[in-house]
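Sharing a structure here in C-alpha cells format.
The values are calculated or read from the model by the stated rules, or taken from the named source; none is laboratory data. Here the structure is a predicted model, which is why all the values come from computation and not from measurement. Ideal geometry is used to build each Cβ from the backbone, glycine not excepted, and the neighbour counts take in all protein chains shown. Heavy atoms of the whole protein, side chains included, go into the accessibility calculation; ligands, DNA and RNA do not. Shrake-Rupley method; radii C 1.70, N 1.55, O 1.52, S 1.80 Å.
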Amino acid sequence: MEMNVITRPDIRFTRRVREMQISPTLAVMNRAIELTAQGVDVVDLGPGEPDFPTPESVCAAGKRAIDQGLTKYTSGNGTKALRDALAGRYNRRYGTSLAAENVIAGTGGKQELFNITLALVDEGDEVIIPSPYWVSFPDQVLFAGGKPVFAKTDARNGFRPTLEDIEAVASSRTRGVIINSPNNPTGAVIAEQELRRIVEWCASRDAFLMFDETYEFFVYEGSKHVSAVRWFEEYPSTIIGVNSMSKTFAMTGWRLGYAVAHRDVIAAAGKIQSHSTSNPSSISQAAALEALGGGEDEVQRMWEAYRERRAWLIPAINAIDGLRCDNTDGAFYIFPDVSSFFGGRIRDSQSFADYLLDEARVAVVPGSAFGSDDHVRISYATSLERLKEGVARIESALSKLG
Ligand SMILES: Cc1ncc(COP(=O)(O)O)c(C=O)c1O
C-alpha cells in the first residue's frame, strides 16, 4: 500500500510527518479512480461520502451568500449566528444550556477533532480508541505526540465498545477516550447505558471523552443514536461533542464541521484554529445555517434510501459462501469478515481487496486500514442498482477461489 512514501534522502522531514500514514481509505479510492479514468467499469463500494447531492435549498443559500457579499473573513470560530444555531439545536434536543462560546465551527469535523486533540493531548499521553476505528483518530493522536491505545471490540457484540474493553487497556497515562457512534467502519451504535458508564468513568479519572457523532442521523432498525452531549451539564469538563455537516446533509465538499465543549476547551481549539485555517468558509457557514434551519426533510429521504440498501445488502453478503456480516445498526457501512478466504493467494484484507479490484472490478476498503485485518469495509452510499451489480461480481469472483 502507498504508505509512508517519504523516502527522499535529500529532504529532512519531521518525526511528526514521518510517523503519519497517508489515509489508506484514500489510497483505495485513488486506485479505483485511476481504473475508472482508463475506462474500466469499477463498482466503487469504497466511498465515505453520501451519493446524494447537497440539498437544493442549501446550495441556493451558498449562492445567495456570494451574491450578498458574504465572502470575507468571519470570526475565527465561525459566525455568531451559526454558533448560536448549533448551540440552540443541542439545547432543544438535550436540554443543555450551551451558548455560542461552547461551539467552534471549522473546516470539517476532522479539523475540530484535530484542534481538540492538539489542545488536550501532550507528549506521552495515552488516548484510548476502540478498535476497529476511523483512520484519522490514531494519526491525530500521534501527531500531537500522544500514544493511541486500542481497545478491541467484539464482532459478536456488534463491535459496540464497552467500558470493560476500555478499562482493560487503561493506565495512569490515560488522558482521554475517543468514541465514534455510529461507527465508521463497523456501523456499531453504542447503547445509552454503556455510553453513560464510559462518560462517568472518564469523569472519575479526569480523562476527556471525545464523542464523534458524524453519522448521528443514520441509524436503522429500531436502534437509537445517543449523544454524549446529553450529559454535558453534568460533566462539562469531560465531554466534547464533534459533529459535521458532511454526511448528514451531503455537504462533504463544503468542509464544515463543529465541536461543542467547555468554553475553555473551545477557546484553546480556537487559538489553534486562529493560527492555522482561521474561520471555515463564509459561504459554507451561510449554507450550513440554511441546512440547520430546514434541511431535515432531505436527510429523511437519504436515510430511507440507506435503510433500504442496508436491508438488501446484509442478507445478500451473508448469502455468499465464506462471508459473514454482523448486523450493525448505523452509518452507511458494513464490515464483513472475509478471513475464511485467507490462505494461498489471499493473505489478508489488503490482498482480498486487491483481488476484488483485479478480478471483479469492485472497490472495497481493507479492514487493516481500520485496525482489523479480518474484515473489509463496504459502503452503501451508492445506488441499489450498483450495489446489486457489485455484490453479483463479488460472488462470482469469490466462487472462483473454490
Ligand atoms: C467517523 C468520522 N469522523 C469525522 C469525519 C470527518 O468528516 P468531515 O471532516 O468531512 O466533517 C469522518 C469522515 O469520513 C468520519 O468518518
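Based on this model, can you work out whether G124 counts as more than 16 Å from the ligand (Cβ to nearest atom), in contact (Cβ under 8 Å) with a residue 12 or more places away in the chain, within 17 Å of I179 (Cα to Cα) and assigned by TED's automatic domain parsing to the domain that holds A191? Write out each step before concluding.
Details: more than 16 Å from the ligand (Cβ to nearest atom): yes; in contact (Cβ under 8 Å) with a residue 12 or more places away in the chain: yes; within 17 Å of I179 (Cα to Cα): no; assigned by TED's automatic domain parsing to the domain that holds A191: yes.
Criteria not met by G124.
State yes or no: is A268 away from the ligand (no atom under 16 Å from the Cβ), open to solvent by less than 40 Å² (accessible area, probe 1.4 Å) and touching a helix residue (DSSP H, G or I) at 6+ places or on another chain (Cβ under 7 Å)? Talk me through it step by step, then tell me what you get.
Numbers: away from the ligand (no atom under 16 Å from the Cβ): yes; open to solvent by less than 40 Å² (accessible area, probe 1.4 Å): yes; touching a helix residue (DSSP H, G or I) at 6+ places or on another chain (Cβ under 7 Å): yes.
The answer is yes for A268.
Just one of the numbered conditions (1) surrounded by 21 or more Cβ atoms within 10 Å (Cβ to Cβ); (2) in a helix (DSSP H, G or I); (3) touching a strand residue (DSSP E or B) at 6+ places or on another chain (Cβ under 8 Å) is not true of T328; which one?
(2)
Next question. How many of the residues making up segment 303-324 are under 12 Å from D374 (Cβ atoms) and surrounded by 17 or more Cβ atoms within 10 Å (Cβ to Cβ)?
1
Further, regarding this structure: Is it true that some residue in segment 165-175 is crowded, with 23+ Cβ neighbours inside 10 Å, within 15 Å of the ligand (Cβ to nearest atom) and under 20 Å from the mean Cα position of the chain (by Cα)?
No, that holds for no residue.
Residues that are out of contact with any strand residue (DSSP E or B) (no Cβ under 7 Å at 6 or more places or on another chain) and surrounded by 20 or more Cβ atoms within 10 Å (Cβ to Cβ): does segment 98-105 have at least one?
Yes, because at least one residue in segment 98-105 is out of contact with any strand residue (DSSP E or B) (no Cβ under 7 Å at 6 or more places or on another chain) and surrounded by 20 or more Cβ atoms within 10 Å (Cβ to Cβ).
Let's see how each residue does on (1) assigned to a loop (DSSP other than H, G, I, E, B); (2) outside the structural domain of Y90 (by TED's automatic domain parsing); (3) closer than 30 Å to S396 by Cβ:
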| site | (1), (2), (3) |
| --- | --- |
| S276 | yes, no, no |
| P280 | yes, no, no |
| S284 | no, no, no |
| L289 | no, no, no |
| A305 | no, yes, yes |
| R309 | no, yes, yes |
| L313 | no, yes, yes |
| G322 | yes, yes, yes |
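Quick grid of which residues meet (1) open to solvent by 20 Å² or more (accessible area, probe 1.4 Å); (2) at pLDDT below 95; (3) more than 19 Å from V242 (Cα to Cα); (4) in contact with a Pro (Cβ under 6 Å, 6 or more places away or on another chain):
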site: E112; (1), (2), (3), (4): no, no, no, no
site: I116; (1), (2), (3), (4): no, no, no, no
site: F137; (1), (2), (3), (4): no, no, no, no
site: K152; (1), (2), (3), (4): yes, no, yes, no
site: G158; (1), (2), (3), (4): no, yes, yes, no
site: S181; (1), (2), (3), (4): no, no, no, no
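Also: For segment 208-247, name all the residues that are more than 16 Å from the ligand (Cβ to nearest atom) and touching a Lys or Arg at 6+ places or on another chain (Cβ under 6 Å).
The one that is more than 16 Å from the ligand (Cβ to nearest atom) and touching a Lys or Arg at 6+ places or on another chain (Cβ under 6 Å): Y220.
I'm trying to understand the selection: among the residues of segment 328-355, which are touching a Lys or Arg at 6+ places or on another chain (Cβ under 8 Å) and away from the ligand (no atom under 16 Å from the Cβ)?
Of everything in segment 328-355, those that are touching a Lys or Arg at 6+ places or on another chain (Cβ under 8 Å) and away from the ligand (no atom under 16 Å from the Cβ) turn out to be P336, D337, S340, S351, Y355.
Another question, then. Kindly provide the set of residues from segment 242-256 that are more than 15 Å from F217 (Cα to Cα) and surrounded by 24 or more Cβ atoms within 10 Å (Cβ to Cβ), ordered by number.
Passing the criteria: W254, L256.
Taking segment 387-402, which residues are without any contact (Cβ under 8 Å) to a residue 12 or more places away in the chain and part of a helix (DSSP H, G or I)?
Listed by number, the list holds a single entry, A392.
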